[in-house]
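Beneath this line is the structure, given in structure tokens, with notes to follow.
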Amino acid sequence: MTVSIENGNVSASFGTVGIMGVPGDVPHIRSRLAVGQELSFTSEILSHKVTGREELKTPAGTFKCYIVEMTTEARVFGCRSTSTTRNWYARGLGSIKSETLDENRNITGSQILVKLEN
């Protein structure tokens, strides 16, 4: 995996596949960090609901899914942020696809099922 910070934007990739991108300023960490140091983090679920159904095509196949959205508010290093995670769940399999959206509904991260093994 490669993680880079360029012009205040954070991105991560695995080979040629982009797995994360966070545009904007990198958070400023106000304290010195040390191995074993406990970090303050709180998170609250603001909403969690089924928003729809969709037949989803992936490299692993086509699945009939329920779409579930969860909105959370987190505080990390004293900074507050709100994000929404949208998950596509297939009965009997679990999560097939996941997207994380920022406060402006821009996708900041995603995952998708690429292979099923017996």
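The values are calculated or read from the model by the stated rules, or taken from the named source; none is laboratory data. It should be emphasised that the depicted structure is a prediction, and the values quoted were computed from it without experimental measurement. When we count neighbours, we look across all protein chains shown, and the Cβ atoms used for this are built from the backbone with ideal geometry, even at glycine.
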Worksheet item: List the pairs whose first member sits in region 100-115 and is over 16 Å from CYS65 (Cα atoms) and in a loop (DSSP other than H, G, I, E, B), whose second member is modelled with pLDDT of 90 or more and of a type in the set (A, V, I, L, M, F, W, C), and whose Cβ atoms are under 8 Å apart, counting only residues at least 6 apart or on separate chains?
Response: LYS115/ALA60
Worksheet entry | Residue ID - farthest from the chain's Cα centre (by Cα), chosen from residues in region 89-99 that are touching a residue at least 24 places away in the same chain (Cβ under 8 Å) and surrounded by fewer than 14 Cβ atoms within 10 Å (Cβ to Cβ) | ARG91
Worksheet item: What pairs can you find where one residue is in region 65-84 and aromatic (Phe, Trp, Tyr), the other is crowded, with 16+ Cβ neighbours inside 10 Å, and their Cβ atoms are less than 7 Å apart, with a gap of 6+ or different chains?
Response: TYR66/TYR89
Worksheet entry | Selection from region 62-80 of residues that are polar (S, T, N, Q) and surrounded by 13 or more Cβ atoms within 10 Å (Cβ to Cβ) | THR71, THR72
Worksheet item: Are there any pairs with C-beta distances below 8 angstrom linking a residue in region 35-48 that is under 30 Å from VAL68 (Cα atoms) and among the charged types (D, E, K, R) to a residue that is assigned to a strand (DSSP E or B) and at pLDDT below 85, with the two at least 6 apart or on different chains, and if so which?
Response: GLU44/ALA74
Worksheet item: Right, ARG86: among the charged types (D, E, K, R) and either surrounded by fewer than 16 Cβ atoms within 10 Å (Cβ to Cβ) or modelled with pLDDT under 90 (or both) or not?
Response: no
